[in-house]
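Worksheet: the structure to be examined is printed underneath.
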Amino acid sequence: MKISGSYTMSAPRQVVWDRLIDPQAIAGCLPGVEKLNQVGQDEYEMSMTVGIGPVRGTYDGKVRLINMRPPEEYQMQVEGSGRPGFVRGTGTIRLAEGPDSTTQITYEGDVEVGGPVAGVAQRMLGGVAKRMVEQFFSCIEKQIAGG
Amino acid sequence: MAVTKLFGASVKRREDPRLITGRGNFTDHIKLPGTLFMALKRSPHAHARIVRIDTSKARAMPGVVAVYTGQDLVDKLAPVPCAWLVPDSDLKVPTYRALAVDKVRYVGDAVAAVVAENRYIAEDAAEAIEVEYEVLPAVVDQEKATQEGAPQLYDDVPNNIAFHWKLHAGDFDSAWNQAEVKLTRRFINHRLIPSAMEPRGALAYFNPGTGDLTIWCTSQNPHVHRLLLSAVTGIPETRIRVIATDVGGGFGSKIPMYAGEMLASAISRDLGRPIKWFESRRENYVATIHGRDHIQYVDVAATRDGKITGIRVKSYANLGAYLSTASPGVPTWLFGLMLCGAYTIPVVHVDVYGVVTNTTPTDAYRGAGRPEATYLLERVMDLLARELRMDPAEIRRKNFIPKEQFPYTTATGLQYDSGDYEATLDRALELVNYQQLRREQEELRAQGRYLGIGFSTYVEVCGLAPSAAAGAMGFQGGLWESATVRVHPSGKVSVFTGSNPHGQGEETTFAQLVADELGVPIDDVEIVHGDTEMIPFGMGTYGSRSLAVGGTAVIMATRKIKDKATKIAAHLLEVAPEDVAFENGRFFVKGAPDRAKTFQEVAGAAYLAWSMPEGVTPGLEETHFHDPINNTFPFGCHICVVEVDPDTGRVSFRKYVAVDDVGNVVNPMIVDGQVHGGIAQGLAQAVYEFAAYDESGQLLTATMMDYAIPKATMLPRFDVDRTVTPTPVNPMGAKGAGETGTIASTPAVANAIIDALSPLGIDHIDIPLTPERIWRAVQERRG
């Protein structure tokens, strides 16, 4: 399933970039993250609890940041599995300078889900994913504003 | 003259009080001390190589007794059998393991089994099993699966084609070349999920002391399951008892042999303890068979005055990942033979490709093959009528097999037993007030409203079947039925039938037959079913065969009882047997009706045996094995009237008229119920139900939230009527009514919706005709 969207952040591009690839910021802002451990260069192990429609569960998996072109673009590979099934996906995040020291973030990705969660909640997945991304960016924005 | 008292009466179902007050005897109600519970670890991937299975965490959990992987059972359990080996089709039956070894091939394929002290622990432990998969590309669409470069499910099934079956009757090329009118179409008859109210399950107990396996399970055919369980476990049939007393619906989905029942049996033998396993609803949706799923290409040759001169069909049938028990027979024989329908179509060419894909296996689902043939034909009739600007009722009439021509042999070789197709059409036209409706349609169109009238003039084959025909088709079994009638010393009667009901009401209808034959109160007759230890043998309930085949066996056994009882009565009355008459439960001397013995007195005498006629043995019990001489062919006309809102795609049902001819009817209320339920299921295929997969093979409709089984409010009122054309095939003249509604209704509804949309230039939309599909088609036409 394809997801895409954009978000405008009131902060300069380099500041946004630094936060977006900072594991502490990610762990603090991605909804439901219970642990995030660095296991290699730009590679993390993560445990995350997510509810999609009626299916709520914890997924254990890996996150890798690849093809990093600071401060313009990077890709994120996610792969996790848990009781409700599995999730795999790749996304591209682009940062463009906007007017008045803002940053225009655009993202697009392809997510595959399987197991019980696919049969129960797939049609809600798009909405949930979009909401999580919005929450993530808005949290990052608040962190930046709060210093 | 025998007085018929109950044949034809709407006797209330005797099984209902226990079923609706929660006192049924379903498999999950059975409890044995020391039972362990089994849960299955299922694949979340549609196609993947199993790299590694780590069961250590599961094994370490308190309460877990054992964990099995496919490898552990290779020597203990033979593969899941396929029992319909369609001949002359280059059939390949790939190995189907109860627990996958090496590879998984659909989402839901079982890879490990856990047994534990209770179900909670078993389910948790199944989740704790870690399986490492190497995910492979999957293929879901059966047509794409046959194309170059498609993912291959098996090394020994090239292009995923498990068989290519053909039936070429007559010279289609010449019919095509001479045709004044030609029609070419592609139809999709999409996949459905049977969704029986009770999911599948089993309680298996292998007693290590006696070596006996007793299994309670959700079965439409306990003896067939006993035979197959014997074959896969190696336990002799004499040591296996299959019990399926109350079964909560099946629609065909409880015919096959499945992994779950096999595993429960094999693991019980391994551990010497009872094993219970029951599907969750989600497991039911992914791991119990699905139905339909054909892609059909059809060419029709016709004359300008509307006579079909030939039909050619190429069908791709989606078999799913493995060949289920009867799956090769459904899209071939049960489909191809019925492609003449109610019509005098002289030439039929059909080619069916059975294709394996990364989806749940398919098999017989209510109607099984006939709905796919009927939908195709009835859509063709409407398309042709439109092409020729003929009335859809009249083009059907023009092609009907005339009633004088019965018994009628079709181009495909079936002999239709009896029929009067125009009678059902005329009655339905009258009930729906057809001329008035067409005028109303014109008026509404002028106001920008879209009313549609849809027909389905179907014929179906049921009462399956003469065993010799089954054999010729490659079905690995006979299709006769058995019955034992045991009259007790008090004159009360136990009837043991091999037709195992799972909602059909045979405890009532069979008792009606016996009460009539023997002149005893219906309350004195009990019907026993669903236990291989009590019943001689049985082929089971499916294919609308219980009454036509099983009911005939009951009647024949009862008549043997009457013959013997007459001899005993004659002896007691001191006259010759030919001087004795039997009426209303009394044996009396012809011409001297006061000299009589009741049936109960004769039964008592048969057991006392103080004074028996020469050569007559004590007791009063008879068994009959009945093999029918032919199938039966119910028929009818369904008319659906809808209004469609082109702005929203919403369909409102205005009227639904069903005029069926199922021959003589034993219990009209039960037949009405069958017809109502059948229409609900078939109508749902037309507008609601759809088993959807995404491209990677995930079932998207794996709950009742997403798979649209209709509620009562989503259905119209059904106006049900019947004509009666008895069959000569059995003594009751009864044909069978279990599937007519499902077969007839899908095309009637689809035709009505397309008829409504015809002013917009729409002549076909593939089912299910959801508001979205209708809206999209309308938008496309409107630009």
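Using just the alpha carbons, could you tell me how many Å³ per residue the convex hull of the stretch B:404-496 encloses? Intermediate results must be reported in sequence, preceding the final value.
Details: hull volume 23.4 nm³, N = 93.
Measuring per residue, one finds 252 Å³ for the Cα hull of the stretch B:404-496.
GluC sites (Glu not before Pro) within the stretch B:601-678: which are DSSP loop residues with at most 16 other Cβ atoms inside 10 Å?
Sites meeting the loop and neighbour criteria: B:GLU614.
For a protection proxy built on the mean count of beta-carbon atoms within 10 angstrom, sort B:504-513, B:190-199 highest first, please. Don't skip to the answer; put the middle values down first.
On the way: B:504-513: 24.8, B:190-199: 21.2.
Going from most to least packed, we get B:504-513, B:190-199.
If we sort A:88-101, B:678-691 on the protection proxy, mean other Cβ atoms within 10 Å, highest first, what's the order?
Working: A:88-101: 14.8, B:678-691: 24.4.
In decreasing order of mean packing, A:88-101, B:678-691 become B:678-691, A:88-101.
Cut-off under 12 Å on the C-alpha distance; same-chain residues fewer than 8 positions from B:LYS403 excluded. Which aspartates and glutamates are left, in chain and number order?
Excluding near neighbours in sequence, the set is B:ASP417, B:ASP420, B:GLU422.
By what distance, in whole Å, do the Cα atoms of the stretch B:317-360 stretch along each of the three principal axes, largest value first?
Principal extents (Cα only, largest first): 39, 16, 10 Å.
In the P(r) worked out for the stretch B:156-222, what percent of Cα pairs fall beyond 16 Å?
Here the tail beyond 16 Å accounts for 79 percent of pairs.
Between B:TYR133 and residues 5 or more places away or on another chain, which pairs have amide H atoms under 5 Å apart, with H built 1.01 Å from N, and which residues are they?
It is B:VAL51, by chain and number.
Which residues among the stretch A:60-99 fall inside the zone where the amide N is under 16 Å from a point 7 Å beyond the Cα of A:GLU45, along Cα→Cβ?
Output list for this probe position: A:60-64, A:79-82.
Tell me, what is the percent relative contact order of the stretch B:480-626, built from C-alpha pairs under 8 Å that lie six or more residues apart?
So the answer I get is 33 percent.
Spelling out what I want: for every residue of the stretch B:481-491, take phi, set θ = phi - 60°, compute 6.51 cos²θ - 1.76 cosθ + 1.60 (Karplus), and round to whole Hz; glycine and proline get x.
Here the 3J(HN,Hα) series is 9, 10, 8, 10, 10, 10, 8, 7, x, 7, x Hz.
When you look at the Cβ of every residue in A:13-23, what mean number of other chain Cβ atoms sits within 10 Å?
Taking the mean over all residues of the peptide, I get 0.
Could you work out the relative contact order of the stretch A:2-145, using alpha carbon pairs under 8 angstrom and six or more residues apart, expressed as a whole percent?
It comes to 29 percent, rounded to a whole number.
Relative to the longest principal axis of the C-alpha atoms of chain A, give the angle of the C-alpha long axis of helix A:116-145, reported between 0 and 90° and rounded to the nearest 10°.
20 degrees
How many partner chain Cβ atoms sit within 10 Å of a residue's Cβ in peptide A:104-114, on average, as a whole number?
Taking the mean over all residues of the peptide, I get 2.
May I ask you to list the residues of the stretch B:373-397 whose amide nitrogen lies under 13 Å from a point 7 Å from Cα along the Cα→beta-carbon direction of B:GLN178?
In the stretch B:373-397, the label zone of B:GLN178 (backbone N under 13 Å from the point 7 Å along Cα→Cβ) covers no residue.
In the full protein assembly as shown, how much of B:VAL64 is accessible to a 1.4 Å probe, in Å² to the nearest 10?
About 20 Å², ignoring ligands and nucleic acids.
DSSP loop chymotrypsin sites (Phe, Trp or Tyr not before Pro) in the stretch B:556-648 with at most 13 other Cβ atoms within 10 Å of their Cβ, which ones?
B:TRP610
Enumerate lysine pairs in the stretch B:480-626 that are 8 or more residues apart or on different chains, then count those whose Cα atoms are under 17 Å apart.
9
Give me D for chain A in µm² s⁻¹, whole number, from Stokes-Einstein with Rh from the Kirkwood sum over alpha-carbon pairs, 25 °C and 0.890 mPa s.
Using the Kirkwood radius from Cα pairs, D works out to 157 µm²/s.
Measure off 7 Å from each Cα along the Cα-to-Cβ vector at B:GLU574 and B:LYS76, then give the distance between these two points in nanometres to one decimal.
7.1 nm
Using the Karplus equation 6.51 cos²θ - 1.76 cosθ + 1.60 (θ = phi - 60°), what ³J(HN,Hα) coupling, rounded to whole Hz, does each residue of the stretch A:7-16 give in order, writing x for Gly and Pro?
8, 9, 10, 7, 7, x, 4, 4, 5, 5
Quick one: if you stick a label point 7 Å off each Cα along the C-beta vector at B:GLU601 and B:ASP156, how many nm between them?
Taking the simple label geometry, B:GLU601 and B:ASP156 are separated by 6.9 nm.
Non-local amide H neighbours of B:THR309 (under 5 Å, H modeled in plane, Pro and chain starts lacking H): which ones?
B:ALA301, B:ALA302, B:THR303
Remind me, what semi-axes does chain B give for its equivalent ellipsoid, largest first in whole Å, using sqrt of 5 times each Cα gyration tensor eigenvalue? Please report the intermediate quantities before stating the final value.
On the way: eigenvalues 358, 300, 101 Å².
The three semi-axes for chain B are 42, 39, 22 Å.
How large is the helix-only mean residue ellipticity at 222 nm for chain B, computed as the sum of -39500 (n - 2.57) over DSSP H runs with n ≥ 4, divided by its residue count, in deg cm²/dmol to the nearest 500?
When only DSSP H runs of four or more count, the value is -8500 deg cm²/dmol.
Over what distance in Å are the Cα centres of the stretch B:1-48 and the stretch B:662-727 separated?
Each part reduced to its Cα centre gives a spacing of 20 Å.
Could you give the size of the charge dipole of the protein assembly as shown about its Cα centre, using +1 on the Cβ of each K and R and -1 on the Cβ of each D and E, expressed in debye and rounded to the nearest 20? Intermediate results must be reported in sequence, preceding the final value.
Details: 92 positive and 110 negative charges, 154 e Å.
Computed about the Cα centre, the dipole is about 740 debye.
Let me check the size of the stretch B:1-88 from its C-alpha atoms; what are the radius of gyration and Dmax in Å?
That works out to 24.1, 75 Å for Rg and Dmax.
May I ask for the net charge around B:ARG379, where only other residues with Cβ less than 14 Å from the Cβ of B:ARG379 are counted and Lys, Arg are +1 while Asp, Glu are -1?
Value of the local net charge: -4.
Could you tell me the relative contact order of chain B? Use alpha-carbon pairs under 8 Å, at least six residues apart, and round to a whole percent.
Working: 1978 pairs, mean separation 121.3, N = 783.
The normalised contact order for chain B reaches 15 percent.
Ranked from highest to lowest mean number of other Cβ atoms within 10 Å per residue, what is the order of the peptides B:44-50, B:289-295, B:162-168?
Output ranking for B:44-50, B:289-295, B:162-168: B:289-295, B:44-50, B:162-168.
Averaged over B:692-699, how many beta carbons belonging to a partner chain fall within 10 Å of each residue's beta carbon?
Counting Cβ atoms of other protein chains within 10 Å of each residue's Cβ and averaging gives 4.
Classify the protein assembly as shown as rounded, prolate or oblate, taking a ≥ b ≥ c as the square roots of the eigenvalues of its Cα gyration tensor: rounded when a/c is under 1.5, otherwise prolate if a/b is larger than b/c and oblate if not.
Here the protein assembly as shown falls in the oblate category.
Where does the charge balance sit around A:GLU79 when Lys and Arg score +1, Asp and Glu -1, over other residues with C-beta under 12 Å from its C-beta? Please report the intermediate quantities before stating the final value.
Working: positive: A:LYS62, A:ARG64, A:ARG88; negative: A:GLU43, A:GLU45, A:ASP60, A:GLU112.
Here the count lands on -1.
What are the semi-axes of the equivalent ellipsoid for the stretch B:480-626, taken as the square roots of 5 times the Cα gyration tensor eigenvalues, largest first, in whole Å?
Taking √(5λ) for each Cα gyration eigenvalue gives 29, 15, 12 Å.
Scan around B:TYR96 for amide H atoms under 5 Å from its own, H built in the peptide plane at 1.01 Å from N, and keep only partners 5 or more places away or cross-chain.
When sequence neighbours closer than 5 places are left aside, the close amide H contacts are B:VAL80.
Using a Cα-Cα cut-off of under 16 Å, which lysines could be cross-linked to A:LYS62, ignoring same-chain neighbours fewer than 8 residues away?
By straight Cα distance, A:LYS62 reaches A:LYS35.
What are the ³J(HN,Hα) values, in whole Hz, obtained from phi via the Karplus relation 6.51 cos²θ - 1.76 cosθ + 1.60 with θ = phi - 60°, for each residue of the stretch A:92-102 in sequence order, with x given for Gly and Pro?
10, 10, 10, 10, 10, 6, x, x, 6, 6, 9
Under 11 Å from the Cβ of B:LEU547, count the other residues' Cβ atoms, weight Lys and Arg +1, Asp and Glu -1, and hand me the total.
In short, 0.
Using a 7 Å offset from the Cα along the Cα-to-Cβ direction at both A:GLU134 and B:ASP719, what is the distance between the two label points in nm, to one decimal?
Roughly 5.1 nm, to one decimal.
The values are calculated or read from the model by the stated rules, or taken from the named source; none is laboratory data. Everything numeric in this text was worked out from a predicted model, so none of it was measured. No Cβ is skipped: glycine too gets one built from the backbone with ideal geometry, and neighbour counts run over all protein chains shown. Just the protein is used for accessible areas: all its heavy atoms, side chains included, with ligands, DNA and RNA removed. Shrake-Rupley method; radii C 1.70, N 1.55, O 1.52, S 1.80 Å.
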